[in-house]
Amino acid sequence: MAKYSVVVYGASGYTGMLIMDWLIDQNIAFTAVARDAGRTREMMAQRVVRLESATYEIIEVDHTVESLTEAFKGAKVVCNTVGPFAKFGLTTVEAALNAGCHYLDTTGEQSFVRNVRDQFGERFAQAGLLVSPSLAYMNTFSEIAAELALEHPGIDALETSALCRGQRGIGAGVTVGSTASIFEMYRAEHCYLWDKKLVAHPVDASFLIPSPHFMQAVFALPWGGTSLPIYFENDSRVRSCVSCVGFYDNDAMKMVHSLNQKWEAEYKHLPPEAQDEVLKNIVQATTPAMPPRERTTLMRTVDTAIGRGQLSAVRAEVFGTTAYIATGALQVAGVIKLLNGENAKVGFASGSKAFGHRYLLGFCEERGLARAVVTTL
C-alpha cells in the first residue's frame, strides 16, 4: 500500500527517474514502484537529482493487476512509464482504477491509447477519475501547438509535426523503453483522422517536412499515428488531423523506416513469440544502454501545427529543449492539478483537455523548456 499520494511506476527507468526529479523539485512526496527494489534504489542514487532532500518510499511488485492494485492503494495519482504499453500498459491502467487512482502515462503508442479509451474511458468517468495516456513531450507539445491553432475560430483541419534533434550514432539519445515502444508499433495499425473517421496510413508512409527553421526538408514518419488523431476524433472542432515525427539532425528515422519495410517483408507473418524475439534483438542492437541525461546544447525540438478552416489558416509552433526532461515536467504539472482537484475532465482525456494547454505550456515556459509562436497565414 502506498504511503504517499503520487506513485511513479517504472521508477528504475530513465523517464521514471526524471519524473521523480520534478516531484522533488516541487516538494511532492512519492512512492516509487518497480519490479526490482534493489536496482531501483541503485539507479535512483546514481540518477535522481536532489534525492537527499526527497520524501519517498520504494515498493517492489510483480507486474500483475493484483500486485499493482495493492501497491497503488492509498495513492491519488499513478504516473506509469512501463512500456511497451501495448504489452504492459492495460494491466497498470486496470490496477490504477481498482485502487481509485487517476492515471497518467508517457506512451506514444496509438493502438494502446485507443484501447485505453475504449476499454477504460467510461469506467474511469463513472469513478470520477482521469485516465490520460500520452502526457509526454512527444505528442503533448504537438497537441499544445494544435490547441493554439484551434483558438482561431473556424479552424477544423490540422497537420502537425514534431521535429527533434538528438545525438548522432547508436540510440540517437532515445531510451531503451522508447526504442522498445517504437519497434512494438510495427505490429499495429497507424491511423490519421480524415473527415471525422480514422484511416490507416499505408505501411510505407513517410513525409518530407519543409520547415522554415531548417536548411533541408526533414524526413518524418507517422510514428504510429501519434495520439492526436485519437484525442481529436470526438472533438467537435476538428474534422481531420494528420501527424508525423522526424529527427532533423541524424538518420534515425530512415533506419526505423527501413526496418519497418524489412518487418513487412520478413517478420509480419511470424508467430507472436518469434516476433517478440525479433523485436528484442532490434532493441538491443539499436539502443544497448540507458542514454546519458539530456543536454540543452544537443536536445532541441520544434513542434508545429498548421490549422486550416474554409478561409483561414494559422501556424502554431512550440520550440522546446530536452524532450525527456520536459516529459517529467509535464507529468508533474498534471500531478499538481490532480492533487488539488483542479482537473477539468474525468474519464479519458488528453493532458491539454484535462489540465489546459495554456497551463501546460506556461509550466514549461517558466522552466525554460518551451516557448510558443502563433502566426496567422
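How many percent of the alpha carbon pairs in the chain exceed a separation of 41 Å? Don't skip to the end; give the middle numbers.
Values: 4717 of 70876 pairs.
Taking all Cα-Cα pairs of the chain, the fraction more than 41 Å apart is 7 percent.
In the range 137-323, if the dipole is taken from +1 on Lys/Arg beta carbons and -1 on Asp/Glu beta carbons about the Cα centre, which of Leu198, Pro210, Ser258 is farthest to the positive end?
Pro210
From the phi angles alone, apply the Karplus equation (6.51, -1.76, 1.60; θ = phi - 60°) to the range 331-338 and give each ³J(HN,Hα) in whole Hz, x where the residue is Gly or Pro.
4, 6, 4, x, 4, 4, 4, 5
So what is the relative contact order of the chain, in percent, for Cα pairs below 8 Å that sit 6 or more residues apart? Don't skip to the answer; put the middle values down first.
Numbers: 825 pairs, mean separation 76.3, N = 377.
With pairs under 8 Å counted, the relative contact order is 20 percent.
Output wanted: per-residue J couplings in Hz (rounded whole) for the range 35-48, from phi through Karplus 6.51 cos²θ - 1.76 cosθ + 1.60, θ = phi - 60°, x for Gly and Pro.
So the J values, rounded to whole Hz, are 7, 9, 5, x, 5, 4, 4, 5, 5, 4, 4, 7, 10, 7.
Summing Lys, Arg as +1 and Asp, Glu as -1, what charge do residues with Cβ under 12 Å from the Cβ of Lys196 carry, Lys196 excluded? Can you show the working numbers first?
Numbers: positive: Lys197, Arg237, Arg239; negative: Asp156, Asp195, Glu233, Asp235.
Local charge sum for Lys196: -1.
What is the packing order of peptides 135-141, 298-304, taking the mean over residues of other C-beta atoms within 10 Å and listing the highest first? Intermediate results must be reported in sequence, preceding the final value.
Values: 135-141: 28.3, 298-304: 22.0.
Top of the packing list down: 135-141, 298-304.
Straight-line reach from Lys254: which lysines fall under 27 Å, measuring Cα to Cα and dropping same-chain residues less than 8 apart?
Partners within reach: Lys87, Lys262, Lys268, Lys280.
In percent, what relative contact order does the range 1-119 have, based on Cα pairs under 8 Å that are 6 or more apart in sequence? Spell out each step's value before the answer.
Working: 224 pairs, mean separation 32.9, N = 119.
Computed over the range 1-119, the figure is 28 percent.
Does a label point 7 Å from the Cα of Glu60, set along Cα-to-beta-carbon, have any residues of the range 67-101 with amide nitrogen under 20 Å, and which are they?
67-73, 82
Rule-based calculations on the coordinates, nothing more; no lab input. What you see is a predicted model; the values in this text were computed from it and never measured. Backbone-built Cβ (ideal geometry, glycine too); neighbour counts: all protein chains shown.
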